[in-house]
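The structure under discussion appears below in the form of structure tokens.
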Amino acid sequence: MLLIEQVASYEAIDRAFEWLCEKRKDYHYNNDVWQLRRWWHEKKPKLMAQLLAGNFRFGEQRRVLSRGEVKEIWSAQDALVLKALAIVLQEVLQPHLSPRCFHLAGTGGLKGAVREVEAHVHEFEFVFRTDVKGYYANIDHDILFSMVAEYVRDPVVLDLVGQYLRRFVSDGGIYVDIQRGISLGCPLSPLMGALYLKPLDDRMAAMGCFYVRYIDDWVVLAATRWALRRAIKATNMVMGELKVEKHPDKTFIGRVGRGFDFLGYRFAPGGLAVALVTVERFLERVSRLYEQNATASRIEEYARRWLIWVRSGVQRVELLEEVEGAIAQLPITGMELYCTSCLPVICHPPSLFLHGNISPLALFPHYFRTRFYLLSAFFRGKWSKSSFPVSSRDHG
């Protein structure tokens, strides 16, 4: 069976349609997803015929402003085809991708990458942690297309991949020809992002390094400075070949004992903790919700989901005193935040540090006349400031 026949099969198209319906179930009533769903019984056979004949063409993306962020949106039908393409291509490409790349479905995800580093960090002395500056936006089309063509021979499928890469974006009636980068939020992009850094995965494997990657964030652990320098040199060579750059503000090179941030967590001699930048982003989101006149229950629900995310998938998480300090210093005026299921613990300003064992997890919001101190995320265990050194150099 040709690859395009798999893309246009009932199985792939039906799975993609189910995904689309779930993904866009809360979209505006004027969005084209509702027209596609209404007339799907007529559109489905026509779409499958177009794909098999090699006549399908992606339309332009629309650039829209959503919740203060600029996003590029595919039409409903285009998103469905891209999902079907991703379903089939993942089966083709997955066997060739490194098991040290954790962001694709079935590979462990973000928490799997965190657990892997946590399980082995104590075995090494040195660490190199970095990511790619503007990763998706700076992927070279020619390089990525040649990588796909190495494993995919079907010309119709390759044509679809080429259209996905060299796309047009409509921005208020102005059409922009995208000549570099892949689109965020596209179902095919995570797979393409995994493939693009395959040369780095292969180089680290050949060197025998301890290496973990999640999309464009990765960590290398080494027993000696010499081994670490070799890994850094190899990384720089691969970055040059792929025409991308390391992010200077998110690169940390040093001893494991100093502590380092990775995927929202901080790895340090005292254990696994929430990274300071993670809490800062949480507080920024809380501030935005307040500015948008969100209800107290909505803010509380967001905070609870954040706490669940922090704790899930890892055995134990400690919270830095520095993180508590960042929370305590955030001014939010005029907001009333009520928490209905807190432990009966009262905390008075200016000191918002509690020591000892507190269980279960609880969120303690506190109202003051002109300022709120949001004391979030209490976990089991005691916190030792010296055990979790924080360096501004490696916040990421």
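The values are calculated or read from the model by the stated rules, or taken from the named source; none is laboratory data. Quick caveat: nothing in here was measured; it's all calculated off a predicted structure. Here the Cβ is made from the backbone with ideal geometry for all residues, glycine too, and neighbour counts use every protein chain on show.
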- Query: Using beta carbons and a limit of 9 Å, which pairs, at least six apart or on different chains, have the first residue in the range 47-66 and farther than 21 Å from Pro155 by Cβ and assigned by TED's automatic domain parsing to the domain that holds Asn31 and the second one part of a helix (DSSP H, G or I) and not basic (Lys, Arg)?
  - Reply: Gly59/Gln77; Gly59/Asp78; Gln61/Asp78
- Message: With under 18 Å from Val88 (Cα atoms) and surrounded by 13 or more Cβ atoms within 10 Å (Cβ to Cβ) as the only criterion, which of Ala49, Ala16 stands out?
- Response: Ala16
- Kindly indicate whether Phe210 is farther than 18 Å from Ile143 by Cβ, assigned by TED's automatic domain parsing to the domain that holds Ala86 and not charged (D, E, K, R). no
- Task: For the range 25-40, enumerate the residues that are modelled with pLDDT of 95 or more, part of a loop (DSSP other than H, G, I, E, B) and surrounded by 13 or more Cβ atoms within 10 Å (Cβ to Cβ).
- Result: none
- Determine whether the range 101-116 contains at least one residue that is of a type in the set (Val, Ile, Thr), in a loop (DSSP other than H, G, I, E, B) and within 22 Å of the chain's Cα centre (by Cα). yes
- Return yes when Gly334 is at pLDDT below 75, in a helix (DSSP H, G or I) and not assigned by TED's automatic domain parsing to the domain that holds Ser66 and no when it is not. no
- Task: For Ala84, state whether it is part of a helix (DSSP H, G or I), crowded, with 19+ Cβ neighbours inside 10 Å, under 22 Å from the mean Cα position of the chain (by Cα) and touching a residue at least 24 places away in the same chain (Cβ under 8 Å).
- Result: yes
- Item | Matching residues in the range 122-169 - criterion: being acidic (Asp, Glu) and either within 30 Å of Phe252 (Cα to Cα) or without any contact (Cβ under 8 Å) to a residue 24 or more places away in the chain (or both) | Glu123, Glu125, Asp131, Asp140, Asp142, Glu150
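Residues are listed down the side, and each one gets a yes or a no for (1) at pLDDT below 80; (2) assigned to a helix (DSSP H, G or I); (3) surrounded by 17 or more Cβ atoms within 10 Å (Cβ to Cβ):
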residue	(1), (2), (3)
Leu228	no, yes, yes
Glu241	no, yes, no
Val244	no, no, yes
Gly257	no, yes, no
Arg285	no, yes, no
Arg298	no, yes, no
Ala303	yes, yes, yes
Trp309	no, yes, no
- Note on the structure: Considering residues that are surrounded by fewer than 17 Cβ atoms within 10 Å (Cβ to Cβ) and small (Gly, Ala, Ser), the number found within the range 213-226 is 1
- Query: Would a scan of the range 29-37 turn up a residue that is under 30 Å from Gly257 (Cα atoms), of a type in the set (Asp, Glu) and over 22 Å from the mean Cα position of the chain (by Cα)?
  - Reply: no
- Task: Being polar (S, T, N, Q) and outside any helix (DSSP H, G or I) is the filter; apply it to the range 169-214 and report the residue that is farthest from Pro99 (Cα to Cα).
- Result: Ser170
- For Gln77, state whether it is assigned to a helix (DSSP H, G or I), within 25 Å of Ser9 (Cα to Cα), outside the structural domain of Val256 (by TED's automatic domain parsing) and free of Cβ contacts under 8 Å to residues at least 24 places away in the same chain. no
